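Presented below is the structure to which this report refers.
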Amino acid sequence: MKIAVFSSKSYDRHSLERYNASFGHELTFFEPRLSLETVALARGFPGVCIFVNDACNATMIDDLAQHGTSFIATRSAGYNQIDLAAAARHGVTVARVPAYSPNAVSEFTLALILTLGRKTHKAYNRSREFNFEIAGLEGFELRDKTVGVFGTGKIGRMVIKNLSGFGCRILAYDQYPNEEAKKYATYVDGPTFAREADIITLHCPLTPDTHHILNEQTLPYLKDGVFIVNTSRGALLETDKVIKFLKTGKIGLLAIDVYEEEADYFYQDLSDKIPTDDELARLLTFPNVLVTSHMAFLTDHALRNIAETTLGNFAEFERTGQCANAISE
Ligand code: NAI
């Protein structure tokens, strides 16, 4: 199929080209995100391939459908960036990669917890300046903590399994409890989860129900000094309220791989620009906050799975007019 690939960075291009040898699609790579300014680039492409920060709202889908696009595949598991109702109205099929490597995100979540928990990011910077003082680098051990895993789908379950080796107490919360998770974690109700977790890690999708789930009303119910980890979607947190509670010490540590307004910043080198997002700039000033740029997925294993599944999605749709990984509202 003739496919326009948006938000294509060197690593996307490399893996898609490598695995396309067995699919034979005609791939055209565009580095910019899909947006009002770039949607014209996709005209005449039956297939459009996007990623997490591409704009794929009704306006974009109207334009794509009018100019011959019948299939949109996101190279991600999450698909909150896509207006599925608009796609259905136009008869455009949308597909995703349901599970390319839950373990990649899980291991990164553990890396964030261990980094902030043992201050290895600070130790690294100190050593580079020949400062080998260790005062101020005191950390904690996970075996002394209660970790709350919010959302026990593919990634949450892997986090629970990976955490189990550390000897911590693991609490879980999900509307649909899972038998595998129960081997290592105890499902509790929302208030118990909020009251007892020292560390809360979010692994639910962004939906109208979970939008700003940690907000001015819910944050006060958490433990004083709680450690929040978000590798799911930025808008699960109400950022200005998180900043407010970081200032009071209610939130003791924060590790985020995702940010509410990340689309304008992440995946770009803006180091020579004046920061314009005051909330992101404020978050980066806290010594107890770690920000990474939506990279929990970024392993060789995951990139291979993303490329193979995405290219397979296009091939299946071209062959049959359907796709097993299609998503609808
Ligand atoms: P999944 O669909 O397997 O699991 C999601 C779980 O969340 C389900 O068990 C569901 O019942 C639960 N859930 C949904 N709404 C809930 C609510 N209101 N309260 C409690 N639980 C709720 O999804 P998976 O694969 O585990 O991915 C989770 C999220 O991780 C994705 O939606 C995506 O946003 C994010 N993600 C982030 C990546 C990164 O690079 N930072 C990479 C891949 C995914």
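Here 290, 270 are screened, and the one residue that is more than 16 Å from residue 51 (Cβ to Cβ), of a type outside the set (Lys, Arg) and assigned to a strand (DSSP E or B) is 290.
Here's the yes/no breakdown for (1) in contact (Cβ under 8 Å) with a residue 24 or more places away in the chain; (2) more than 22 Å from the chain's Cα centre (by Cα); (3) away from the ligand (no atom under 15 Å from the Cβ):
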{"site": "137", "(1), (2), (3)": "no, yes, yes"}
{"site": "154", "(1), (2), (3)": "yes, no, no"}
{"site": "167", "(1), (2), (3)": "yes, yes, yes"}
{"site": "173", "(1), (2), (3)": "yes, no, no"}
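Out of curiosity, is residue 192 free of Cβ contacts under 8 Å to residues at least 60 places away in the same chain and either assigned to a helix (DSSP H, G or I) or more than 12 Å from the ligand (Cβ to nearest atom) (or both)? Yes: the conditions hold for residue 192. Return yes when residue 116 is part of a helix (DSSP H, G or I), out of contact with any Asp or Glu (no Cβ under 6 Å at 6 or more places or on another chain), open to solvent by less than 10 Å² (accessible area, probe 1.4 Å) and at negative phi and no when it is not. Against the criterion (part of a helix (DSSP H, G or I), out of contact with any Asp or Glu (no Cβ under 6 Å at 6 or more places or on another chain), open to solvent by less than 10 Å² (accessible area, probe 1.4 Å) and at negative phi), residue 116 qualifies. Considering 123, 85, the condition of being touching a residue at least 12 places away in the same chain (Cβ under 8 Å), under 21 Å from residue 210 (Cα atoms), surrounded by fewer than 19 Cβ atoms within 10 Å (Cβ to Cβ) and more than 16 Å from the ligand (Cβ to nearest atom) is satisfied by 85 alone. Residue 107 - would you say it is under 18 Å from residue 1 (Cβ atoms) and in contact (Cβ under 8 Å) with a residue 12 or more places away in the chain? In short, no. Does residue 72 satisfy the criteria of being within 18 Å of residue 210 (Cβ to Cβ) and more than 10 Å from the ligand (Cβ to nearest atom)? Taking the combined requirement at face value, the residue does not satisfy it.
Looking across segment 282-323 at every residue that is among the small types (Gly, Ala, Ser) and within 16 Å of the ligand (Cβ to nearest atom), the one that is surrounded by the most Cβ atoms within 10 Å (Cβ to Cβ) is identified as 307. Can you confirm whether residue 79 is touching a residue at least 60 places away in the same chain (Cβ under 8 Å) and closer than 18 Å to residue 263 by Cα? Judged against the criteria, residue 79 is a match.
Name the residues in segment 214-243 that are within 22 Å of residue 83 (Cβ to Cβ) and either in contact with a Gly (Cβ under 9 Å, 6 or more places away or on another chain) or surrounded by fewer than 23 Cβ atoms within 10 Å (Cβ to Cβ) (or both), would you? Across segment 214-243, the qualifying residues are 232, 233, 234, 235. I need the full set of residues from segment 54-73 which are open to solvent by 20 Å² or more (accessible area, probe 1.4 Å) and in a loop (DSSP other than H, G, I, E, B), in order please. If the condition is that a residue be open to solvent by 20 Å² or more (accessible area, probe 1.4 Å) and in a loop (DSSP other than H, G, I, E, B), then 55, 57, 67, 68, 70 are the ones that fit. Collect the residues in segment 195-213 that are open to solvent by less than 30 Å² (accessible area, probe 1.4 Å) and more than 11 Å from the ligand (Cβ to nearest atom), keeping them in residue-number order. Scanning segment 195-213 gives 197, 199, 200.
The values are calculated or read from the model by the stated rules, or taken from the named source; none is laboratory data. Note that the structure is predicted; figures quoted are calculated from it, not measured. Reconstructed Cβ throughout: ideal geometry from the backbone, glycine too, with neighbour counts over all protein chains shown. Quick note on the areas: whole protein, heavy atoms, side chains included, nothing else; ligands and nucleic acids left out. Shrake-Rupley method; radii C 1.70, N 1.55, O 1.52, S 1.80 Å.
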